[in-house]
Each structure stands twice: as structure tokens, then as C-alpha cells.
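The structure appears right after this line, and notes come after that.
Any read-out appearing in this document is the output of simple, stated calculations on the displayed coordinates, not a laboratory observation. Note that this is a predicted model, so its numbers are computed, not measured. For neighbour counting, all protein chains shown are included, and Cβ atoms are generated from backbone atoms with ideal geometry for every residue, glycine included.
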Amino acid sequence: MDVRALAMGLFFALMWSSAFTSARIIVAEAPPMLILSLRFLISGLIGCGLALALGQSMRLTRAQWRATIIFGVCQNAIYLGLNFVAMQWVEASLAAIIASTMPLLVAFAGWVIFREKVAALGLLGLVMGTAGVALIMGIRLTGGADLLGVVFCVLGVIALTAATLSLRAASSGGNFLMIVGLQMLVGSVVLAVPGFAFETWEVTWSPTLTAAFAYTTLIPGLAATLIWFRLVDRIGAVKAATFHFLNPFFGVAIAALLLGEALGALDILGVIVITAGILAVQISRQSRQSRRPYT
């Protein structure tokens, strides 16, 4: 992995992890689905506009269109939609921890659904990750965390896993920025339907909300997604997913720093266990991939 890929991965992890804190700020003053739909509309139009200015085309391959639609629905509409709704009731740090288990779920899906072989280190990582999540969930639920919010976060990370499994097709064939813009427009349209059906557009605009909305629209929304697509194309999905092991630390640290969310000793232990589990799974997958013969 070269220095540029390393920098891309670190910036992606930091941007992705910060989104939970900015979302927590936004949903305190705005309807979650409608404000998220607006965010995707703005990000998508900016992305597509920049892509056209750079000479990129909307003529995607059939595989790219399929993956773009799946990614837009699963990640943007379902995963982020459920997380925005859930963060009316759950802390940003808990949402970040649940979402950071995505690499574990990808590995588990590969093992159970696609019958991929998992080495002993990978199995150990899955067990450690599950144990860490169980520890934190037990602490938070007994401490009064909202069960419905937690369920929404869990359903969201399952949708994120499905989106990640579709990413490979979308990242091949170029037109990265166009794909990023289009999948955000897909998310905007899908979220607008339940948003207008169940929510009322009542927003209390303030400097804090404006800054949080602008940040989440441009940085986690547009920049982080573009970096992720390029990172996957540069080093592959397996190696790129290794950077997700940083998300539990970054997510809880940013929430604690900006929102003042409390972290106990057992929370920190759970984060360490989850992080070690994710890293073990990714090392195992990289080792297995490196042993495959070239064809």
C-alpha cells in the first residue's frame, strides 16, 4: 500500500466517523428524513455537475447502473435514513460503534452466503467483534439506550453491508464522481417519499445547524464517498476495508470531544475489542487473497 492510499484511507476514516456527530447535531433541529433527502439532493447535484465539467458521462455500464442504484438505496436511503432517524434517540458514539461493525458483517456474509473460506484468525476476529458489540450493547441498553433506535442502527448497518457488497461493480469502469452524484440522487428520491409522508418541514436554522449541514453535505457526504470509491479502485475492496478498523476510535472520540458524550471503562474496552476483531478479519482476508494464484 503506497503513501497516497494510506493518506486516502486515513482521511476517509476520519470523515466517515465524523458524520455521526454532525448528524446528531442536525436531527436535533430538523426532520431527519427530509433534511437528509435535501442533503443528498445538494450533494448529488454538485457531484454530477462537477463530473460533467470534468468530462465524465452518465453512460454507465449495466453493472455500474445496477450497483449505483443498490448503493444509493441501501447506503443512502436505508442505512443513513435509519441512522438519522435513530439519532433522535441514541448517542452518536453508539451509532458509530454499530456502523463500524460493517467489515465484520461483510466477512460473515462471505462465509455464510458466498461460502468463502475463513481462516482461524478471521474466525477469531468475528468472535472478538461480536463480543465487543455485545459488551457495549449490554452496557448501553441497561443504561437506558433507546431500543428502537438501536434496532434502526442495526438494520442500517445490514443495509450498509449489502451496499458494500455491490460496490465492486460500481468502482470499475471510471466515471467515479458521476457515480457518486447519481447514487446520492437515488437516495434523495427514495427518502423524500417517507419523508413527506411522515414528517413536517419544521427547521430551526441556526449557525450551528447551518455549519453541521454544510459540513455533512460536502465532507462525509461527497468527499468521503468519492475518496472511498477511488480507494477501492486503487487498492481493492479488501485492503480498503481495513481502514474501517479506525472508525470505532474516531467515532467515539469525535462524539466525546464535540458533544461531550460520556465513555466508561467498559465502553473503551468494547471499542478496543471490536477494533481488534475488525483488524484480525481484514488481515485474514488479505492473507487469503495474497495466496490466490494469478489467473
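In terms of Cα atoms, the Rg and Dmax of segment 170-234 work out to 14.9, 43 Å. Springs between alpha-carbon atoms under 10 Å, Gaussian network over the chain: tell me which of Ile97, Ile268, Ile42 tops the mean-square fluctuations. Of Ile97, Ile268, Ile42, the Gaussian network model singles out Ile268 as fluctuating most. Full extension of the chain segment joining Leu258 with Leu155 gains 34.5 nm, where the gain is 0.36 nm per residue of separation less the Cα-Cα distance. With a simple spin-label model that places each label point 7 Å from the Cα along the Cα-to-Cβ direction, the separation between Thr142 and Trp111 comes to 2.6 nm. Taking the alpha-carbon centroid of each part, what is the distance from segment 10-35 to segment 61-87 in angstrom? What the calculation gives is 16 Å, centre to centre.
Find the relative contact order for the chain and round it to a whole percent, using C-alpha pairs within less than 8 Å whose residues are 6+ positions apart. Answer for the chain is 41 percent.
Is the chain best put as rounded, prolate or oblate by its Cα gyration tensor, with a ≥ b ≥ c the root eigenvalues, rounded for a/c under 1.5, and otherwise prolate when a/b is larger than b/c, oblate when not? Taking the square roots of the gyration eigenvalues as a ≥ b ≥ c, the chain is oblate. Per-residue ellipticity at 222 nm from helix content only, as computed over the chain with -39500 (n - 2.57) for each DSSP H run of at least four residues, stands at -24000 deg cm²/dmol.
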